[in-house]
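Below you'll find the structure, written out as structure tokens, and then a few comments.
The values are calculated or read from the model by the stated rules, or taken from the named source; none is laboratory data. Source: prediction; values computed, not measured. Positions of Cβ are backbone-derived with ideal geometry, glycine not excepted, and every protein chain shown enters the neighbour counts.
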Amino acid sequence: EAGVAQSPRYKIIEKRQSVAFWCNPISGHATLYWYQQILGQGPKLLIQFQNNGVVDDSQLPKDRFSAERLKGVDSTLKIQPAKLEDSAVYLCASSTDRAYEQYFGPGTRLTVT
Amino acid sequence: LAKTTQPISMDSYEGQEVNITCSHNNIATNDYITWYQQFPSQGPRFIIQGYKTKVTNEVASLFIPADRKSSTLSLPRVSLSDTAVYYCLVGEARVTGGGNKLTFGTGTQLKVEL
């Protein structure tokens, strides 16, 4: 079974630029999650989708971050404009309705200079 | 929202049993306890999940006392490859309309040596 795919794996941008990350979840997984993991910390949930609807975006900085999941499959997370403190690994995960068993992708390491 | 507390780090030697305890005093009736493992440069990986008493799978055991205010992840006979960060999470088991708010803490860095 193919795992969660993410791209790009690495990205370096300057502050105030924009960036987008892509995620393809495991086939059949209705729930998709985006996490931000800053070095030395645990992953922080940014947004959770159920099919193509948002069920939790309470920790998403909506002034600069946006995410969409068209057709309930792939998802993109965008940051515009980026700040230095956005430097982190952005993890995508998916699950069935068993929320406790999430499958994570390899992540995208973002460096903002 | 149940908050979890676990040791920042633990050291062990190959072949030993490792027990990592997590405190979750405010756990709700509908909450389950889940543990994840994370290696450097990888996403977390699900290890085990339970509600009460004891759960065992091919990787680990999870012990949950009757009051469910804490849980202990037990790794039998660890090896060097078990060196990783281990996270304890508490939250609803099934996806809900309001989001599950599974929160990762800072985790426990386990270091296994020869």
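Which one is surrounded by the fewest Cβ atoms within 10 Å (Cβ to Cβ), of the residues in segment B:61-79 that are farther than 11 Å from residue B:24 by Cβ, among the aliphatic types (A, V, I, L, M) and touching a strand residue (DSSP E or B) at 6+ places or on another chain (Cβ under 7 Å)?
Taking the candidates together, the pick is B:78.
Residues in segment A:37-57: is at least one among the acidic types (Asp, Glu), part of a loop (DSSP other than H, G, I, E, B) and closer than 17 Å to residue A:75 by Cβ?
Yes - at least one qualifying residue is present in segment A:37-57.
So which residues in segment A:53-68 are more than 14 Å from every other protein chain (Cβ to nearest Cβ) and not aromatic (Phe, Trp, Tyr), if there are any at all?
Hits for segment A:53-68 are A:61, A:62, A:63, A:64, A:66, A:68.
Identify, please: which residue in segment B:24-38 is out of contact with any Cys (no Cβ under 7 Å at 6 or more places or on another chain) and at pLDDT 95 or above and is, among those, nearest to residue A:36 (Cα to Cα)?
Only one residue fits best here, namely B:38.
Considering each of A:23, A:92 in turn, give the residue that is closer than 23 Å to residue B:92 by Cα and buried (at least 17 other Cβ atoms within 10 Å of the Cβ).
One residue alone meets the criteria, A:92.
Can you pull out the residues in segment A:70-113 that are part of a loop (DSSP other than H, G, I, E, B), more than 11 Å from chain B (Cβ to nearest Cβ) and not small (Gly, Ala, Ser)?
Scanning segment A:70-113 gives A:73, A:74, A:80, A:81, A:83, A:113.
Find the residue count for segment A:73-113, including only residues that are among the basic types (Lys, Arg), closer than 20 Å to residue B:104 by Cβ and at pLDDT 95 or above.
Number satisfying all stated conditions: 1.
Do you know which of the residues in segment A:30-48 that are more than 24 Å from residue A:83 (Cβ to Cβ) and crowded, with 18+ Cβ neighbours inside 10 Å is farthest from the other protein chains (Cβ to nearest Cβ)?
So the residue we want is A:32.
Residues B:92, B:58, B:113: which one is facing chain A (nearest Cβ under 7 Å), out of contact with any Pro (no Cβ under 6 Å at 6 or more places or on another chain) and not β-branched (Val, Ile, Thr)?
On inspection, the qualifying residue turns out to be B:92.
Enumerate the pairs (first residue in segment A:22-33 and farther than 15 Å from residue A:91 by Cβ; second residue anywhere and buried (at least 17 other Cβ atoms within 10 Å of the Cβ) and not hydroxyl-bearing (Ser, Thr, Tyr)) with beta-carbon separation below 8 Å, excluding pairs fewer than 6 apart on the same chain, so at least 6 apart or on different chains.
Cβ pairs passing all conditions: A:30/A:50; A:30/B:95.
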